[in-house]
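Chemist: Encoded as structure tokens, here's the structure I'll be asking about.
The values are calculated or read from the model by the stated rules, or taken from the named source; none is laboratory data. These numbers come from a predicted model, not from an experiment. As a convention, Cβ positions derive from the backbone with ideal geometry for all residues, glycine included, and neighbour counts pool all protein chains shown. With ligands, DNA and RNA removed, areas are computed over all heavy atoms of the protein, side chains included. Shrake-Rupley method; radii C 1.70, N 1.55, O 1.52, S 1.80 Å.
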Amino acid sequence: MPLPFLTADRAFDASAEDVALPFDDHDSWRRPYRLGPWRVAAAATLLLLASFVLLAAMIISFAGSLSGATLCFVVAAVAIAAALRLLRAGAWVSRHGVRRVGFFRTTTVRWNSVASLSTVQQPVKWLGLPRTVQGQALVVRRTGGGQPTPLLTDHNADFLARTEAFDRAADTLEAWGAEYRAG
């Protein structure tokens, strides 16, 4: 449940639109949309699992088995790192370019090497799984040619069943691209 009147980045009766504030630093990397419920739920589940594993590690260490406790601590650390990386994944923009942060790999494209940003109808992965469905994707075409890179899809963990949020995020990214590719 968002409480915009309690946050420091918004005025008391500001609209619910995700607009950039005039004092925002365009040099820092930012996500131009809010996290989706699927991504937050997956990260929360991983963190809950990590808390149970840490509790088990504490019990095992008090029982005297340090090798088992060490293994549990490592498993919990991996689960926490996976949850944090899952929350970090998505499209990020700045004055320098556009960045697609995946779970295992991050790709940055400078604005001067972006030919176009456009929303297209194409088969997209459903929640990042191998299953594909027909949907929309915001793709980046580079000036040198090559395969277009999808930044956002309407079936990923941020926008599944939230088409208005996908449209707003795609429009925001296209506006950033139009502003910084020209200048």
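Chemist: It is to be established whether one or more residues within the range 89-99 are β-branched (Val, Ile, Thr) and under 20 Å from the mean Cα position of the chain (by Cα).
Modeler: Checking the range 89-99: at least one residue is β-branched (Val, Ile, Thr) and under 20 Å from the mean Cα position of the chain (by Cα).
Chemist: If a residue must be open to solvent by less than 20 Å² (accessible area, probe 1.4 Å) and at positive phi, how many such residues does the range 138-158 contain?
Modeler: The total comes to 0.
Chemist: Restricting the range 102-137 to residues that are of a type in the set (A, V, I, L, M) and more than 16 Å from the chain's Cα centre (by Cα), which is most open to solvent (accessible area, probe 1.4 Å)?
Modeler: Ala115
Chemist: Only one of Arg85, Arg100 is among the basic types (Lys, Arg) and part of a helix (DSSP H, G or I); which?
Modeler: Arg85
Chemist: Can you tell me which condition Ala161 does not meet? The list is (1) buried (at least 19 other Cβ atoms within 10 Å of the Cβ); (2) out of contact with any Lys or Arg (no Cβ under 9 Å at 6 or more places or on another chain); (3) of a type in the set (A, V, I, L, M), and all the others hold.
Modeler: Of (1) buried (at least 19 other Cβ atoms within 10 Å of the Cβ); (2) out of contact with any Lys or Arg (no Cβ under 9 Å at 6 or more places or on another chain); (3) of a type in the set (A, V, I, L, M), only one is false for Ala161: (1).
Chemist: Among the residues of the range 165-182, write down those that are free of Cβ contacts under 8 Å to residues at least 60 places away in the same chain and touching a strand residue (DSSP E or B) at 6+ places or on another chain (Cβ under 6 Å).
Modeler: Passing the criteria: Ala170, Glu174.
Chemist: Just give me the residues in the range 84-101 being of a type in the set (A, V, I, L, M) and open to solvent by 30 Å² or more (accessible area, probe 1.4 Å), in sequence order.
Modeler: Hits for the range 84-101 are Leu84, Leu86, Leu87.
Chemist: Let me confirm something: among Val53, Val40, which residue is surrounded by 15 or more Cβ atoms within 10 Å (Cβ to Cβ), at pLDDT 90 or above and within 20 Å of Leu151 (Cα to Cα)?
Modeler: Val40
Chemist: If you check every pair at least six apart or on different chains, which have Cβ atoms under 7 Å apart with a residue in the range 37-64 that is more than 20 Å from Arg162 (Cβ to Cβ) first and a residue that is of a type outside the set (A, V, I, L, M, F, W, C) and surrounded by 15 or more Cβ atoms within 10 Å (Cβ to Cβ) second?
Modeler: Qualifying pairs under 7 Å: Ile60/Gly68.
Chemist: Any residue in the range 58-76 that is farther than 15 Å from Asp158 by Cα, open to solvent by 80 Å² or more (accessible area, probe 1.4 Å), under 24 Å from the mean Cα position of the chain (by Cα) and among the aliphatic types (A, V, I, L, M)?
Modeler: Within the range 58-76, none of the residues are farther than 15 Å from Asp158 by Cα, open to solvent by 80 Å² or more (accessible area, probe 1.4 Å), under 24 Å from the mean Cα position of the chain (by Cα) and among the aliphatic types (A, V, I, L, M).
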